[in-house]
Each structure stands twice: as C-alpha cells, then as structure tokens.
Amino acid sequence: MPHNILITGLPKCGKSTLLELLMQEIDPPKKGFLTREMREQGQRTGFKVIPSEGPSRTLATIHAPTPIKVSRYYINIPEFEKALPPFNHYTNELLYIDEIG
C-alpha cells in the first residue's frame with residue numbers, strides 16, 4: 001500500500017534541507033530530484049535541479065531569457081526535462097520531488 005508524505009512550510013524554513021537529509025539516510029531504491037538555489041555575490045540568480053540520476057541542470061535563471069518566465073526567473077523546460085529521472089519506469093522505488101508548486 002503506497003504511503004505519501006508532504007512536507008509544507010513557509011519559505012526558507014528548511015523543507016528542501018529536510019528532504020535532502022532524509023534521502024541521504026534512506027537506502028535505494030529511490031528516484032526523484034532536489035532543487036537548489038544558484039547564487040552570485042550573495043544574490044539568488046536561479047535554481048538548479050539535482051536528479052537522482054545524471055548531472056544537475058539549470059531549471060530557472062535571470063540570465064538566459066526563455067519564453068516562459070515566473071517572477072524574475074526564466075524557466076528552462078528542456079533542461080528540466082533532461083534532468084528528470086525516467087519516471088515512466090517507476091516501480092517500487094521511493095519517489096521524491098522537491099518543489100512541486
């Protein structure tokens with residue numbers, strides 16, 4: 001029987017950090033991704049996706065215009081799709097997704 005856990009909270013309260021720490025403690029099989037801020041000179045300039053499989057990719061940035069923009073960030077859909085683990089082969093792995101909103 002599947003179980004679901006949803007971690008909620010205010011911005012900057014540690015939701016992503018908690019998820020990262022949990023994933024370090026849980027043995028495979030697991031599949032999913034984390035997100036991390038990209039910073040330059042102390043300022044947030046975007047976000048990267050850190051998948052369970054493969055290299056990190058840029059999800060959003062203020063530096064590379066794309067047709068899709070959320071707030072001040074341009075969203076790079078092709079890079080995000082490359083970062084996603086192959087969910088179509090999801091079987092019994094623990095599935096974790098950081099930033100669903």
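Every number in this text was worked out from the coordinates using simple rules, so none of it is lab data. None of these values were measured; they are calculated from a predicted model. Note that each Cβ is placed from the backbone with ideal geometry, even for glycine, and that neighbours are counted across all protein chains shown.
Among Pro65, Pro51, Pro11, whose mean-square fluctuation peaks in a Gaussian network model of the chain (Cα, cutoff 10 Å)?
The residue that fluctuates most here is Pro11.
Taking loop as defined by DSSP and a crowding limit of 11 other beta carbons within 10 Å, which trypsin sites (Lys or Arg not before Pro) in segment 8-94 fit?
Lys12, Arg72
Of the options Ile68, Leu19, Asn92, report the single residue whose Cα projects farthest towards the positive end of the charge dipole of segment 15-97 (beta-carbon charges: Lys, Arg +1; Asp, Glu -1).
About the Cα centre, the residue reaching furthest to the positive side is Ile68.
Ignoring everything except DSSP H segments at least 4 long, calculate the 222 nm mean residue ellipticity for the chain; use -39,500 (n - 2.57) per segment, divide by total residues, nearest 500.
-5000 deg cm²/dmol
In terms of modelled amide H atoms, which long-range or inter-chain residues lie less than 5 Å from the amide H of Tyr96?
Lys31, Gly32, Phe33
Dipole magnitude of the chain about its Cα centre, charges +1 at Lys/Arg Cβ and -1 at Asp/Glu Cβ only, in debye to the nearest 20?
With only Lys, Arg, Asp and Glu charged at Cβ, the dipole is about 420 debye.
Among the listed pairs Lys48/Lys69; Lys31/Lys82; Lys31/Lys69; Lys15/Lys48; Lys15/Lys82, give every one whose C-alpha distance is greater than 20 Å.
Lys31/Lys69; Lys15/Lys82
Please list, short to long, the whole-number percent of alpha-carbon pairs of the chain in consecutive 5 angstrom bins beginning at zero.
2, 11, 20, 23, 20, 13, 7, 3, 0, 0
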